[in-house]
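Report on the following structure.
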Ligand code: ADP
Ligand code: MG
């Protein structure tokens, strides 16, 4: 191990030299109060920034003991410290000083969700920040004095402020952990209350804008806090906050109806994000949803490989089979059917569907249409939605402003009016009976083994996130913009990271995709980030990993046994 003084000497020596000389920084340096690991030095000023870790003995930090009480509090504390470090970067780091992003010190960017992140590792021995520094240059010439200011002065100040803080910050940290612990408790008690989702009274659901996930504020316009109808009110005990009252959505089929612009989609969006905890003051911090809930939408244009969509679609033109349906270019209805079947394969107890993003012909077929159109391959969702619940235990929360027939198949009907819910189950029911068709999913078809396309790009393997909504595997780009429950780019990074492990494991097994992902995911979760030195990961759900695999063009599938019709290919 070298000293901070030696780091300074290196920087003085390589001043004005070519960029490659920065490689001499790779190593470990002992600073006053922390140890700095320079794990990776970037190749040029435009490359991804250099990766650093700063480790501080736990005893030398002001992290309260309670932060390590349990896994939930530790996770929330790590999330909080990531945000604190980012805040202090903004305060201390002098910003871009040279070519590219020269001069920046950063840590992974966070959003409104509290997630398990690789940016901070906290345990009984130490606190470790995994951060990034864009080593400064003018062109390719090293700017030694700026690097010295960054690494010898700014970085230690940021680390000090982020590990030794006053009681006002400790209080915020404790609140962050309290709220997350309460959220986790609410979420895990849903089942025993017979619920699939819970929205507390007082929650603020609307967001600032379609591209800004921050809560709508009174200064932006009128905001209506959530208030449960009396008939759906549930009170759940939270460990820190005590009793929390709000609207419980029971298992079964729930329809959220209402006029346009009355807050239906806003409610459903809050529910779909309720699989994660949120920041204090987010407004949705205690909204809790069954952790395996999946948003289902139409996604025309996506590729589908070997999915049995026959519970919804049969007898396509020219006898194209649907028990093993593949296409490079799905329609609205076939994509929505495949999305549901893949959700079942991934393991889900709750489907979330918004009419706004659904294929109408997948959702419903009215009597006039039935009379005129004789060749209709689609069994609309409305005909099987009850059987999905009664025979398979899969609940649905469905938003609709147009398809009133769904009232007849609903266990619960909620009317949104002026952003407030009212329960109208009895009122909405009519005597009209709906055709109820049993939903039959062939279990073998939900056990596809899936091989990814080659990850080779040149002579290197490539698994990389390309922003929040796409990914690269070798030469193949995967569009995952329809996966609305991916909260941030760090989760996409993590999916790419785990796809490599999936690919390695798949080379030696032919296990069904869902169980292989499950196994890799569990191993990853239980080993934590201590030995994974990258700072840019946030843990997604196993579902999103599987859904990414499903969307990859060029995957190959096999199944143990598919009886019946032959597999037909496109074209
Ligand atoms: P719908 O899906 O019923 O057509 P949306 O959920 O899209 O309606 O909401 C319409 C608009 O109302 C959005 O701009 C949304 O941000 C806003 N909004 C939703 N809920 C609230 C609320 N509780 N308070 C204030 N504005 C809200
Ligand atoms: Mg809407």
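Can you find, within the stretch 228-245, the residue that is surrounded by the most Cβ atoms within 10 Å (Cβ to Cβ) among those that are part of a loop (DSSP other than H, G, I, E, B) and more than 16 Å from ligand 1 (Cβ to nearest atom)?
Taking the candidates together, the pick is 241.
Of everything in the stretch 332-362 that's within 16 Å of ligand 2 (Cβ to nearest atom) and buried (at least 24 other Cβ atoms within 10 Å of the Cβ), which residue is nearest to residue 187 (Cα to Cα)?
My answer is 352.
So how many residues does the stretch 246-267 have that are part of a helix (DSSP H, G or I) and crowded, with 24+ Cβ neighbours inside 10 Å?
First pass over the stretch 246-267, keeping only residues part of a helix (DSSP H, G or I): 264-267.
Going one step further and asking which of them are crowded, with 24+ Cβ neighbours inside 10 Å, we end up with 264, 267.
Adding up the residues that qualify gives 2.
Among what's in the stretch 211-221 and is more than 16 Å from ligand 2 (Cβ to nearest atom) and part of a loop (DSSP other than H, G, I, E, B), pick the residue that is surrounded by the most Cβ atoms within 10 Å (Cβ to Cβ).
217
Determine if the stretch 291-309 includes at least one residue that is away from ligand 1 (no atom under 16 Å from the Cβ) and more than 30 Å from residue 558 (Cα to Cα).
No: zero hits.
Let me spell it out: the conditions are (1) over 16 Å from the mean Cα position of the chain (by Cα); (2) assigned by TED's automatic domain parsing to the domain that holds residue 514; (3) free of Cβ contacts under 8 Å to residues at least 40 places away in the same chain, and residue 463 meets all of them except one. Which number is the exception?
Against the list (1) over 16 Å from the mean Cα position of the chain (by Cα); (2) assigned by TED's automatic domain parsing to the domain that holds residue 514; (3) free of Cβ contacts under 8 Å to residues at least 40 places away in the same chain, residue 463 comes up short only on (3).
Are any of the residues in the stretch 382-398 within 14 Å of ligand 1 (Cβ to nearest atom) and modelled with pLDDT of 95 or more?
yes
Among the residues of the stretch 259-271, are any free of Cβ contacts under 8 Å to residues at least 40 places away in the same chain and either assigned by TED's automatic domain parsing to the domain that holds residue 202 or within 25 Å of the chain's Cα centre (by Cα) (or both)?
yes
Restricting to the stretch 116-135, name every residue that is surrounded by fewer than 24 Cβ atoms within 10 Å (Cβ to Cβ) and not in a strand (DSSP E or B).
Residues satisfying the conditions are 116, 123, 124, 125.
Tell me which of these residue 281 doesn't satisfy, since it passes every other one: (1) assigned to a loop (DSSP other than H, G, I, E, B); (2) in the same structural domain as residue 215 (by TED's automatic domain parsing); (3) within 16 Å of ligand 2 (Cβ to nearest atom); (4) modelled with pLDDT of 95 or more.
(3)
Which residue out of 215, 200, 225, 250 is within 13 Å of ligand 1 (Cβ to nearest atom) and in contact with a strand residue (DSSP E or B) (Cβ under 8 Å, 6 or more places away or on another chain)?
Selected residue: 215, the only one of 215, 200, 225, 250 that is within 13 Å of ligand 1 (Cβ to nearest atom) and in contact with a strand residue (DSSP E or B) (Cβ under 8 Å, 6 or more places away or on another chain).
Those residues that are within 21 Å of residue 201 (Cβ to Cβ) and surrounded by 18 or more Cβ atoms within 10 Å (Cβ to Cβ), I need them from the stretch 400-421; list them, please.
Across the stretch 400-421, the qualifying residues are 412, 413, 414, 415, 416, 419, 421.
Going by the structure shown, is residue 270 within 16 Å of ligand 1 (Cβ to nearest atom) and buried (at least 21 other Cβ atoms within 10 Å of the Cβ)?
Taking the combined requirement at face value, the residue satisfies it.
Being under 21 Å from residue 21 (Cα atoms) and either outside any loop (DSSP other than H, G, I, E, B) or modelled with pLDDT under 95 (or both) narrows it down to one residue among 192, 188, 149; which is it? Working first, answer last.
Working: 192 fails: under 21 Å from residue 21 (Cα atoms); 188 fails: under 21 Å from residue 21 (Cα atoms).
After ruling out the rest, the residue left standing is 149.
Of the residues 476, 396, which is away from ligand 2 (no atom under 16 Å from the Cβ), surrounded by 17 or more Cβ atoms within 10 Å (Cβ to Cβ) and farther than 23 Å from residue 358 by Cα?
476
Taking into account only those residues within the stretch 253-267 that are in contact with a helix residue (DSSP H, G or I) (Cβ under 9 Å, 6 or more places away or on another chain) and near ligand 1 (Cβ under 7 Å from one of its atoms), which is farthest from residue 405 (Cα to Cα)?
265
The rows are residues; the columns are (1) at pLDDT 95 or above; (2) outside the structural domain of residue 111 (by TED's automatic domain parsing); (3) more than 16 Å from ligand 2 (Cβ to nearest atom).
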position	(1), (2), (3)
180	yes, yes, yes
203	yes, yes, yes
206	yes, yes, no
209	no, yes, no
223	yes, yes, yes
230	yes, yes, yes
234	yes, yes, yes
237	yes, yes, yes
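Report every pair of residues separated by at least 6 positions or lying on different chains whose Cβ atoms are under 6 Å apart, first residue within the stretch 194-220 and closer than 17 Å to residue 263 by Cβ, second near ligand 1 (Cβ under 8 Å from one of its atoms) and assigned to a strand (DSSP E or B).
Cβ pairs passing all conditions: 213/207.
The values are calculated or read from the model by the stated rules, or taken from the named source; none is laboratory data. From a predicted model like this one, the values you see are computed outputs, not experimental measurements. Neighbour counts are summed over all protein chains in view; Cβ atoms, including those assigned to glycine, are modelled from backbone coordinates with ideal geometry.
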